[in-house]
Amino acid sequence: MRTLVTCMLACPLVLGTALVAVSTGYAQEGAMVEGAGYTMFNTESIKGSDTSKLESDPVCDRSKRPSIAKVEPDEAKPGEKITIKGENFGSKECFHGVTFSAASKDKIDYRFVNDTTIEAVVPEAKAGMSFIIVVAGGGSAQSKPLLIQPK
């Protein structure tokens, strides 16, 4: 979204903690201010960040898309544990979560085992077919349908 900024000459405009000179034209909302260390929204830029924090952050491989090979068992009741087998789930720090299409808004209890295995608890959902979606650093993957049995 752009905001029209009108000045007779170059006029100073205070944005967050940075001072920027803007001449007649458009100022883009959220623009980075070179050397300031902060954006218009007072969030820390990389230039002003702590290098030790950057070194300890996990490096997630975004080039490897996850895939689900199978879900065991392929029928389960709410509250039962299932095992999701596949590849490229990444590391524990880079794995984002598990969802069921039959209960997409529910928080799913899961345990990251390794790059190829996730254990999850079937949520309270209406009986019927449901897809399982895993979200990892490289994207998301959807399983073949799982039959959620009545409780």
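The values are calculated or read from the model by the stated rules, or taken from the named source; none is laboratory data. All values derive from a computational prediction rather than experimental measurement. Cβ atoms come from the backbone with ideal geometry, glycine included; neighbour counts cover every protein chain shown.
A few notes on this one:
- The set of residues in the range 110-122 that are in a strand (DSSP E or B) and among the hydrophobic types (A, V, I, L, M, F, W, C) comprises F112, V113, I118, A120, V121.
- Flag for I118 being out of contact with any helix residue (DSSP H, G or I) (no Cβ under 6 Å at 6 or more places or on another chain) and closer than 14 Å to S101 by Cα: no
- Of all the numbered requirements in (1) outside any strand (DSSP E or B); (2) modelled with pLDDT of 95 or more, A125 misses one, and that requirement is (2).
- Residue match in the range 84-93 (condition: in contact with a Leu (Cβ under 9 Å, 6 or more places away or on another chain), on the phi < 0 side of the Ramachandran plot and at pLDDT 95 or above): no
- Test: V71 is of a type in the set (V, I, T) and modelled with pLDDT under 95: no
- Test: S130 is among the small types (G, A, S) and free of Cβ contacts under 8 Å to residues at least 60 places away in the same chain: yes
- Verdict on P73 being out of contact with any Lys or Arg (no Cβ under 8 Å at 6 or more places or on another chain) and under 16 Å from G139 (Cβ atoms): no
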